[in-house]
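These notes concern the structure reproduced below.
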Amino acid sequence: MVKRQLPKPAELFELMRFKKPELDARKRRLDAALTIEDLRDIARRRTPRAVFDYTEGAAEGEISLARARQAFQDIELHPSILRDVSKVDTSTTVLGGSSAMPFGIAPTGFTRLMQTEGETAGAGAAGAAGIPFTLSTLGTTSIEGVKAANPGGRNWFQLYVMREREVSYGLVERAAAAGFDSLFFTVDTPVAGARLRDRRNGFSIPPQLTLSTVLDAIPRPWWWYDFLTTPKLEFASLTSTGGTVGELIDSAMDPSISFADLDVIRGMWPGKIVVKGVQNVEDSKKLADLGVDGIVLSNHGGRQLDRAPVPFRLLPDVVREVGDDLEVMIDTGIMNGADIVASVALGARFTLVGRAYLYGLMAGGRAGVDRTIAILSEQVVRTMKLLEVASLDELGPQHVTQLQRLQPVPPSPRSVVRDA
Ligand SMILES: Cc1cc2nc3c(=O)[nH]c(=O)nc-3n(C[C@H](O)[C@H](O)[C@H](O)COP(=O)(O)O)c2cc1C
């Protein structure tokens, strides 16, 4: 039996630790977020439902995105032991320049809609952290505005080749003139994927005031205050139609673009060229033969073809075939620094984050994006230390096993006969 006694006031006093209260509510909120999922929860509370759903949602049944995230969860990480990891070097080179971390910010359209600071916050935070920022053709800040927000850092430009070729080419010229060093040509969007959440929410660009949007605004006054009191959304290249994003994309994109367009763009662009949205080994080989500098294995965050291949699952095969000829990057589903480390271990030169960045942006503007980058960076460093690797080059396939959940069904003898 333990002998009981009355608590002594001096001992009680020793146990009491009152922290100085944080008076800045935004900082308090963001500091309390320990994961990207925590930032997402804050974002959801602060952003109108239709805007949040536009950002978070994917196409059709949202299966591509769910599988991509599941694939990252279904890994086993294999640490080594007794190596000095008091310091780890997370820096890398990508597309002829450096990056402090093996991830950068993916291109996203309509970003100022999510939070009014939009691309300015993304580019500024990326510049401060020493990682690259990518501006979308459907961005809501001009090319020059992004350059001003990230004057000393690396800016990349994502290109959609649209029906109006001259508009696309004009953007390429402006991005080159502003010193953007790499061009990402997105090829997975001949038409828009079916973003059903947007249709169900009646989400339009610009947002329209209906009875339900007004009711939804009541608990989210700050978003509306920002939206109504800051400069009007300005698109780098499009005139808004009042339709859904899908309708806007369908009217702007040209479903007939081909490899010939890649040739034209290469002739115009002085920097590195990357093709974004590659989804099989054959296309990767073809692009390597054509001499592009990089590819992004991506299914557009699940927003285009649903039930598309999981990029992370494609990665080892693609790296084996073309990894020596071009830089293989990957996105879709990254929510944790360990996802990034696992991708590098399986041969990715670099990774891009879309929603992880946008959740931070919606949670707290520039400070929220800083928080996203800090969370992912801490997770990268901690995962590397626990794996006992001191630099990214030390990572290899021996550190990751992809555990099998879904696997292709082998063709049945009958279907082989029928095909023959
Ligand atoms: C709201 C939103 C808008 C996007 N807009 C574009 C775009 O304009 N151009 C593009 O190439 N990709 C776009 N993407 C795809 C991202 O570049 C990236 O491939 C994807 O977000 C990666 O998946 P993740 O969100 O799971 O990180 C967008 C993604 C989101 C979530």
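Here, each number is a calculation from the coordinates, and none is a lab measurement. Since this is a predicted model, take the numbers as computed values, not measurements. Positions of Cβ are generated from backbone atoms using ideal geometry, with glycine treated the same way; all protein chains shown enter the neighbour counts.
Name the trypsin sites (Lys or Arg not before Pro) in the stretch 338-420 that are in a loop by DSSP and that have at most 14 other C-beta atoms within 10 Å, would you?
ARG405
The alpha-carbon atoms of the chain define a convex hull whose volume equals 227 cubic angstrom per residue. Taking PRO408, PRO316, PRO231 in turn, the Gaussian network model of the chain (Cα-Cα springs below 10 Å) assigns the largest fluctuation to PRO408. Overall shape of the stretch 265-420 was characterised from the C-alpha gyration tensor. The equivalent ellipsoid obtained from it has semi-axes of 29, 21, 18 Å, in decreasing order. Short to long, the 10 Å bins of the Cα pair-distance histogram for the stretch 1-111 hold 8, 18, 27, 22, 15, 8, 2 percent of all pairs. For the pair the stretch 255-310 and the stretch 44-123, the centres of their Cα atoms are 20 angstrom apart. Antiparallel beta bridges, as assigned by DSSP with both residues in the stretch 25-402, represent about 20 percent of the total such bridges. Shape descriptor for the stretch 215-337: Rg over Rh equals 1.08 (Cα atoms; Rh from the Kirkwood inverse mean 1/r). If each Cα of the stretch 44-99 is one equal point scatterer, what is log10 of I(q)/I(0) from the Debye formula at q = 0.23 Å⁻¹? Those come out to -0.94, one per q. Roughly speaking, what is the centre-to-centre gap between the stretch 1-38 and the stretch 348-420 when only Cα atoms are used, to the nearest Å? If we compute the Cα centre of each part, the gap is 35 Å. Given +1 at the Cβ of Lys and Arg, -1 at the Cβ of Asp and Glu and no other charges, the dipole of the stretch 202-357 around its Cα centre is 380 debye to the nearest 20. Sorted largest first, the spans of the alpha carbon positions of the stretch 73-231 along the three principal axes are 62, 40, 32 Å. This model, with +1 at the C-beta of Lys and Arg and -1 at the C-beta of Asp and Glu, gives the chain a dipole about its Cα centre of some 1720 debye. Taking trypsin sites (Lys or Arg not before Pro) across the stretch 149-206, the ones in a DSSP loop with at most 13 further Cβ atoms lying within 10 angstrom of their Cβ are ARG163.
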